[in-house]
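No value in this document is a laboratory result; all are computed from the given coordinates. Computed from a predicted structure; not experimentally measured. Cβ atoms come from the backbone with ideal geometry, glycine included; neighbour counts cover every protein chain shown.
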Amino acid sequence: MILPFLFLAPSNGMGRGVFTDEPVLAGTVVEIAPVIVMSALERKQLDQTRLYHYIFEWGDNKEQCIMALGYVPMYNHSFSSNCEYEMDFDHDLIHIRAVRDIAKGEELFINYNGEWNDTTPLWFDAK
């Protein structure tokens with residue numbers, strides 16, 4: 001499920017991103033996406049490819065990874081994100097939820113650290 005007013009567009013200096021064509025209220029689930037779960041061995045192999053930048057750690061021990069479908073791989077990072085993501089390990093889903101009101105035309109961001117307000121430095125140079 002992706003809300004029908006979300007769309008992909010160029011993001012300033014970050015390739016493409018997810019934007020909204022309507023206001024979004026805090027607490028709104030904007031996307032629920034299925035995921036493809038990969039083993040620890042497959043994760044090591046993916047870490048050597050371009051997909052490394054689009055996968056998420058998965059499971060309680062974080063040895064596995066997932067490739068999320070839908071728009072999920074296109075959400076850019078921000079330490080002051082306006083959305084958060086939640087893993088549903090039982091159903092192989094990832095949920096994206098607004099943590100504050102988002103204006104029409106605004107880009108939707110997640111924090112790649114997992115918690116929307118986590119300011120721990122990332123494993124790559126974030127802009």
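Please return the longest stretch of the chain lacking exposed loop sites, where GluC sites (Glu not before Pro) count only if DSSP places them in a loop and at most 16 other Cβ atoms lie within 10 Å.
Details: sites that count: Glu63, Glu106, Glu115.
It works out to 1-62.
Expressed to the nearest 5 percent, the antiparallel share of DSSP beta bridges inside the range 54-127 is 80 percent. Rounded to the nearest 0.05, the FRET efficiency derived from the C-beta distance between Thr49 and Ala103 at R0 = 30 Å is 0.25.
In sequence order, the range 79-94 has phi-based couplings of 5, 10, 5, 9, 9, 10, 10, 10, 8, 10, 5, 5, 10, 6, 9, 10 Hz under the Karplus curve 6.51 cos²θ - 1.76 cosθ + 1.60, θ = phi - 60°, and Gly or Pro positions carry x.
Taking every DSSP helix (H) stretch of at least 4 residues in the chain, weighting each as -39,500 (n - 2.57) and dividing the sum by the residue count yields a mean residue ellipticity at 222 nm of -1500 deg cm²/dmol. Backbone amide hydrogens, once placed in the peptide plane, bring Leu108 within less than 5 Å of Val18, Phe19, Thr20, excluding anything fewer than 5 places away on its chain. Annotation: amide H of Asp101 within the under-5 Å range of Ala26, sequence separation 5 or more or interchain, hydrogens built in the peptide plane.
In this rough spin-label picture, where each label sits 7 Å from Cα along the Cβ direction, the Glu86-Val37 distance is 1.9 nm.
Here r is the Cβ-Cβ distance between Ala9 and Thr119 and R0 is 25 Å; the resulting FRET efficiency, rounded to 0.05, is 0.40.
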